[in-house]
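Trainee: Got a structure for you, questions after.
The values are calculated or read from the model by the stated rules, or taken from the named source; none is laboratory data. Just so it is clear, the structure is predicted and the values come from calculations on it, not from any experiment. Cβ atoms come from the backbone with ideal geometry, glycine included; neighbour counts cover every protein chain shown.
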Amino acid sequence: MASSAAMTTSHPTHRWRFPETPRLEPGFLADGARRGLSERTLHILAARGHAAPGDLAAFFDPPGATLHDPGLLPDAAAVRARIARALDAAERVLVFGDFDADGLTGLAIMVIALRALGLDTAPYVPDRRAEGHGLSLAAVQRARAEGRTLIVTVDTGTTNVAEIAAAGVAGIDVIVTDHHHVPARLPDAVAVVNPHRPGSLYPDPRLAGTGVAFKVAQLLLADRPGGAAAALALADLATIGTVADVAPMVGENRAIARLGLELLRSAPRPGLAALLAAAKVAPESVDLDTIGYAIAPRLNAGGRVGDAETAAHLLLAATVAEAEPLAAELETANRTRREMTATALAEARTIADRDPAAAAVVIAGDWPVGIIGLVAGRLAEERGRPAVVVSSGVDPWRGSARSAGGFDLAAAFDACADDFERHGGHPQAAGCNLLDGRFDAFRGRFLRLAAEAAPADPRPQLRLDLAVLAGDVDYRLHGDLQALEPTGPGNPRPLVGVAGMTVARARAANGGHAQLTLRKGREVIDGIAFDRGDLVGLLAEGDVIDLVAHLVSRTFGGYETLQLEIVDTAPEGTLERARAAGATVPA
Ligand SMILES: [Mn+2]
């Protein structure tokens, strides 16, 4: 047993938590064994809520076989009928997509599907600054000017009562496809395809906007020769939008991602091939992380600092030659976006540092509206508390917020509604337009709400999937964890607690990281702790520690080797106490 006189002072910076693991039913274990899954993998799945009959099939069966019937979507019959009429009359169509990666990829899916049916279809992406979110009157005017008598929205439209009425007056029908919150009053559209509609029979409402578009493409292409396969070939686009929108990587989203990753790796469409080349990413190495840090930011960059239509044209490009200049344009926009974000973030940190004890970060500055959400996200992540970043360079002032620690932003913004012209969002992310002169009042109110909700122990929580002894860290464990891929939000990379590793060496690495050499018995294993340069001063050779890490396999000069991506460390014995407590580890 470890003595309390552990020589290290590396106390955990997080609360380590073990989920409650349900008892595994014999049927579940037998099904898992048939699929070649280890008991460790099955325990993780069960603790993540996948222990019901049919859950393993949904998780591991061939993805094409686990997609749901698109005919179950609300208003599916109305969509089919209206598109059939459009084909009969050779109508011209406008597809309206939101300017973020979810909307853009969904827009590309819808345009490709409608063109495959033979409809003259034009894409329309609104300007973030001039038009904002939602179907715009400018788009309705464009449709009218071009003689387009049908608009299909993607990732937006559910709340656009006035704009859809205006389209009706202009003789234009609207089909809404969307996944956003459904208000009491629906617009007067031909169809509102939104799996969140009350009474919807659709089995899995967690689709992103692009996922809904993908399902509508399946619906419309089903009867065509080769149509089913053509629809599945759009899964690459749906995967990008799903990841970018942080939709949970379970259920149908997981099936879409498994199909999509295969396409991205083996045969990326011309626009994505050009984008990956410009980003210096090899297609065969693409995973969901790559989408999150390389692909989605480049698609979004156009909407943030340039022209969002560039990304739409890139996704629709027929050849790499056509796509290359568009990819170069997005590359430039992304670089600009990155520089702007870095400058704004540095200023934002300085302001936030003036009030280090505040339960939330609420700051205003003359920052571009297109990047305040990114700055809020970074601040929330590094400080482990909710962050609201307001741009004071526009009229009205606009704010973007990101949550931390489970704080419900949607509820908090509702409680601050008196200070807003309008507001909206989800528990994790929200936005607002402030009333003139109300920033200070809003700030006070929001900080009080955050303080009331703040936990007694403010350290962020780590949800561990598994606890193992140092000697159990091997390729078999790696294989057991790999079974959960692809991972993402809702199905995160497994976090493993490892008990009793001996520190052989700790040294500082470039970029503020710590590089550790660890011993388990006679073997050594490499560890890297990103942004934890502090560990170098806290750990000494010979210390026996517990740690929390992701287990990764790296290739160096043709050799595969295991590495621990260390998130936190603690004196030996911490992990055992955490498990015994079944909950939070004491500091
Ligand atoms: Mn969306």
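Trainee: Say whether the condition of being on the phi > 0 side of the Ramachandran plot, free of Cβ contacts under 8 Å to residues at least 40 places away in the same chain and loosely packed, with under 15 Cβ neighbours inside 10 Å is met by at least one residue in the range 394-414.
Mentor: Yes; the residues of the range 394-414 include at least one that is on the phi > 0 side of the Ramachandran plot, free of Cβ contacts under 8 Å to residues at least 40 places away in the same chain and loosely packed, with under 15 Cβ neighbours inside 10 Å.
Trainee: Further, regarding this structure: In the range 151-188, what count of residues is obtained for those that are touching a residue at least 24 places away in the same chain (Cβ under 8 Å), surrounded by fewer than 24 Cβ atoms within 10 Å (Cβ to Cβ) and either hydrophobic (A, V, I, L, M, F, W, C) or assigned by TED's automatic domain parsing to the domain that holds GLY425 (or both)?
Mentor: 6
Matching residues to (1) modelled with pLDDT under 95; (2) farther than 22 Å from GLN515 by Cα:
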site	(1), (2)
LEU535	yes, no
GLU541	yes, no
VAL548	no, no
GLU560	yes, no
GLU572	yes, no
GLU576	yes, yes
PRO586	yes, yes
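Trainee: I'd like the residue in the range 83-110 that is buried (at least 20 other Cβ atoms within 10 Å of the Cβ) and away from the ligand (no atom under 16 Å from the Cβ) and, out of all such residues, is nearest to ASP204 (Cα to Cα).
Mentor: Among residues in the range 83-110 that are buried (at least 20 other Cβ atoms within 10 Å of the Cβ) and away from the ligand (no atom under 16 Å from the Cβ), the one nearest to ASP204 (Cα to Cα) is ILE83.
Trainee: Ok, one more. Kindly establish whether ALA380 is crowded, with 20+ Cβ neighbours inside 10 Å and under 18 Å from TYR293 (Cα atoms). Reasoning before the result, please.
Mentor: Numbers: crowded, with 20+ Cβ neighbours inside 10 Å: yes; under 18 Å from TYR293 (Cα atoms): yes.
Answer is yes for this residue.
Trainee: Please determine whether any residue of the range 481-500 is over 27 Å from the mean Cα position of the chain (by Cα), in the same structural domain as THR569 (by TED's automatic domain parsing) and outside any strand (DSSP E or B).
Mentor: No, there is no match, as no residue in the range 481-500 is over 27 Å from the mean Cα position of the chain (by Cα), in the same structural domain as THR569 (by TED's automatic domain parsing) and outside any strand (DSSP E or B).
Trainee: I'm trying to understand the selection: among the residues of the range 151-180, which are in contact with a strand residue (DSSP E or B) (Cβ under 8 Å, 6 or more places away or on another chain) and either within 16 Å of the ligand (Cβ to nearest atom) or at positive phi (or both)?
Mentor: Across the range 151-180, the qualifying residues are VAL152, THR153, VAL154, ASP155, THR156, GLY157, THR158, ASN160, VAL176, THR177, ASP178.
Trainee: Since ARG148 meets every condition but one in (1) more than 16 Å from the ligand (Cβ to nearest atom); (2) buried (at least 18 other Cβ atoms within 10 Å of the Cβ); (3) within 23 Å of GLY241 (Cα to Cα); (4) of a type in the set (Lys, Arg), which condition does it not meet?
Mentor: Of (1) more than 16 Å from the ligand (Cβ to nearest atom); (2) buried (at least 18 other Cβ atoms within 10 Å of the Cβ); (3) within 23 Å of GLY241 (Cα to Cα); (4) of a type in the set (Lys, Arg), only one is false for ARG148: (3).
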